[in-house]
1. Pick from B:LEU192, B:LEU171, B:LEU167: which is touching a Leu at 6+ places or on another chain (Cβ under 7 Å) and either part of a strand (DSSP E or B) or at positive phi (or both)?
2. Check A:GLY173, A:GLY185 and return the single one that is open to solvent by 20 Å² or more (accessible area, probe 1.4 Å), of a type outside the set (Ser, Thr, Tyr), at the interface with another protein chain (Cβ under 8 Å from one of its Cβ atoms) and under 18 Å from A:GLY17 (Cβ atoms).
3. I'd like to verify a number: residues in region B:82-125 that are touching a His at 6+ places or on another chain (Cβ under 9 Å) and either closer than 13 Å to B:ALA145 by Cα or outside any loop (DSSP other than H, G, I, E, B) (or both), how many?
4. How many of the residues in region B:17-31 are within 19 Å of B:TRP90 (Cα to Cα) and open to solvent by 40 Å² or more (accessible area, probe 1.4 Å)?
5. Determine whether region A:22-30 contains at least one residue that is farther than 12 Å from A:VAL170 by Cα, in a loop (DSSP other than H, G, I, E, B), of a type in the set (Asp, Glu) and within 14 Å of chain B (Cβ to nearest Cβ).
6. Is there any pair linking a residue in region B:64-78 that is closer than 17 Å to B:THR150 by Cβ to one that is hydroxyl-bearing (Ser, Thr, Tyr) and surrounded by fewer than 21 Cβ atoms within 10 Å (Cβ to Cβ), with Cβ under 7 Å and at least six apart or on different chains, and which?
7. Kindly indicate whether A:THR204 is farther than 30 Å from B:GLY185 by Cβ and of a type in the set (S, T, N, Q).
8. Take B:ARG72 and decide whether it is under 19 Å from B:PHE163 (Cβ atoms) and among the basic types (Lys, Arg).
2 protein chains.
Amino acid sequence: MAVAQKVFFSVSMSLDGFIAPEGGPYGQGGATQWGELQQWIFPQRFFRENLRLGPGGEEGRENDILGATFARTGASVMGRGMFDLGERAWPEEAPFHTPVYVVTHHERGPWPRPGGTTFHFIDDGIEAALDAARGAAGSRDVRIAGGAATILQYLNAGLIDEFTVALAPVLFGAGLRLFEGVDAGRVAVEPLGVESTPRVTHLTYTVRRRQAPSPS
Amino acid sequence: MAVAQKVFFSVSMSLDGFIAPEGGPYGQGGATQWGELQQWIFPQRFFRENLRLGPGGEEGRENDILGATFARTGASVMGRGMFDLGERAWPEEAPFHTPVYVVTHHERGPWPRPGGTTFHFIDDGIEAALDAARGAAGSRDVRIAGGAATILQYLNAGLIDEFTVALAPVLFGAGLRLFEGVDAGRVAVEPLGVESTPRVTHLTYTVRRRQAPSPS
């Protein structure tokens, strides 16, 4: 009966390991690369509806994957940088429709949006934000939404159970690397599944704690 | 009748984009990471036979992939660094069994080995080495064997037709990146195939030249 709640992340990554262009999605020259990275998402019906971009869109397997990732998510956690970018980009009806916990150093009261998203600002660390998200998610999972630095903090702290990388056929050359600074001595991964859809390859991994080397 | 000869590379890459540990496969602390990266290859019958490690070994799909990569290769090109490492590590009967062209700055006469491998040292550039390899390969393909810097030179010069990355479920954190310094403004990739085998995911891409942006 009790299916264990999972903490996961799900991102699109270039073949050379970047999840955002240099300067971010909206930076100088970044829009083209961002578009190439996310090009499996933009045409999907789920994405278009959720971002209030209008009717229509594709309804194949890529749409199903987006829908399933949304459906499993009971609460999200994000870094302050991602929130700041999103605050300018999301529609008034923000696309989460669940509680979202923003890891920040600045106190701010909850910010409820139409459509069920409420942003909560947590200023006492990543574990506190995750605990709050776990409590709010009920029987659903907690998504660490981003950005890269926030995902890496959770990964290195051993707080991620599994993740999916949608590997896009594009080379960035520069930008924000997903795994920059990973504690490779502690974080091990195990393949859980691979699925190719028309535009990307979805790679899912379970995260394990490596045994610390025994003192010699 | 005439199947076009292809120039390709085929490497194992960590999930965070490295194809060798810091300091190389035989460097300090590199052996464990190297082993994890190549762990789909070492148990295979083809690998054991080709490196004269003795009889036995696995004979599943991973073994077939190694055999097919070998069989399509009529000649190889490698950088001086890879040759220097290999010269110390390969058995007397070097594992290529075809001509191998080494890109170097040092003149040296051909070095034939038992079993059909002959190393030719080319000191007038990567295109000259590739031309020689193309001529020697006959109807078979030319493999750019490595290392990372040599592969990247060919990739950026527009001389690679396709490549396969065996994506291994391991994070390195540091080391030699496959795509470090890629000319992302010129090199585009297109997925050609994905295959999961028990230990790794084999991702094959065709390389295309991006259109240079038109002058404004």
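The values are calculated or read from the model by the stated rules, or taken from the named source; none is laboratory data. Quick caveat: nothing in here was measured; it's all calculated off a predicted structure. Here the Cβ is made from the backbone with ideal geometry for all residues, glycine too, and neighbour counts use every protein chain on show. Note: accessible area is taken over every heavy atom of the protein model, side chains too, but ligands, DNA and RNA are not part of it. Shrake-Rupley method; radii C 1.70, N 1.55, O 1.52, S 1.80 Å.
1. Among B:LEU192, B:LEU171, B:LEU167, only B:LEU167 is touching a Leu at 6+ places or on another chain (Cβ under 7 Å) and either part of a strand (DSSP E or B) or at positive phi (or both).
2. After applying the criteria, what remains is A:GLY173.
3. 6
4. Selection size over region B:17-31: 3.
5. yes
6. B:THR73/B:THR98; B:ALA75/B:THR98; B:SER76/B:THR98
7. Yes; evaluated as a whole, the condition is true for this residue.
8. In short, yes.
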